[in-house]
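What follows is one structure encoded as structure tokens, with my remarks underneath.
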Amino acid sequence: MPRRNSTVEIKDGKVVFSEEVLNYFESIRTEENGVWIDKYFEYLSDESNLTTEKYNGHHIIPCFAFKDETHRTRKETEPLANKVEGNTIELSIHNHLLAHYCLWKIFDNRDSKNTMQRMCGEGKYIDGLTEQELKEIAI
């Protein structure tokens, strides 16, 4: 049964990702980002997301991925992200932070880094942040 802000299918207590979402990530997979895509889907699939009381809504294909010459802001890209079948999921706050860390490593662009910077705190130096340090921050 889907939760209130989630459009992903939940079947037998497991997240079922849409073909559109899976195909998108396969289309951007490289040797460098493949491990991060796999980790990203592990955090998205974590069963604790289904039972947590404190969660954040999350676009699996991030809104910034829809930026183009016409759609430059989140306000303009979010409706496009919302049109993708099964593109929103509810994540525990812990997994939400870890998911955005993976997105930073997958895309390695200004948008993904800025999101991480805001989530960790503007004064936190994140360039050298390790996954283990991030897990401690997430707790």
Might you let me know whether region 41-48 holds any residue that is crowded, with 17+ Cβ neighbours inside 10 Å, of a type in the set (Phe, Trp, Tyr), over 19 Å from Glu131 (Cβ atoms) and under 15 Å from the mean Cα position of the chain (by Cα)? no
Has region 48-68 got any residue that is within 24 Å of Arg110 (Cβ to Cβ), among the acidic types (Asp, Glu) and without any contact (Cβ under 8 Å) to a residue 24 or more places away in the chain? yes
Of all residues in region 24-68, count the ones that are hydroxyl-bearing (Ser, Thr, Tyr) and under 12 Å from His96 (Cβ atoms). 5
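So in region 107-139, with the set limited to residues that are in a helix (DSSP H, G or I) and β-branched (Val, Ile, Thr), which one is surrounded by the most Cβ atoms within 10 Å (Cβ to Cβ)?
Taking the candidates together, the pick is Thr115.
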Search region 9-28 for residues that are closer than 14 Å to His59 by Cβ and pair each with any residue that is acidic (Asp, Glu) and outside any strand (DSSP E or B) when their beta-carbon atoms are under 7 Å apart and the residues are at least 6 apart or on different chains. Ser18/Glu85; Glu20/Glu85
Please work out which residue is nearest to Gln132 (Cα to Cα), limiting yourself to region 59-97 and to residues that are of a type in the set (A, V, I, L, M, F, W, C) and part of a helix (DSSP H, G or I). Leu97
If we keep only residues of region 7-16 that are of a type outside the set (Lys, Arg) and not in a loop (DSSP other than H, G, I, E, B), then the residue surrounded by the most Cβ atoms within 10 Å (Cβ to Cβ) is Val15
Taking the condition of being over 11 Å from the mean Cα position of the chain (by Cα) and either under 16 Å from Phe25 (Cα atoms) or touching a residue at least 24 places away in the same chain (Cβ under 8 Å) (or both), how many residues in region 83-104 meet it? 6
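Just so you know, all these numbers are worked out from the coordinates, no wet-lab data involved. Predicted model, so just to flag it, every value in this text is computed and none were measured. Cβ atoms come from the backbone with ideal geometry, glycine included; neighbour counts cover every protein chain shown.
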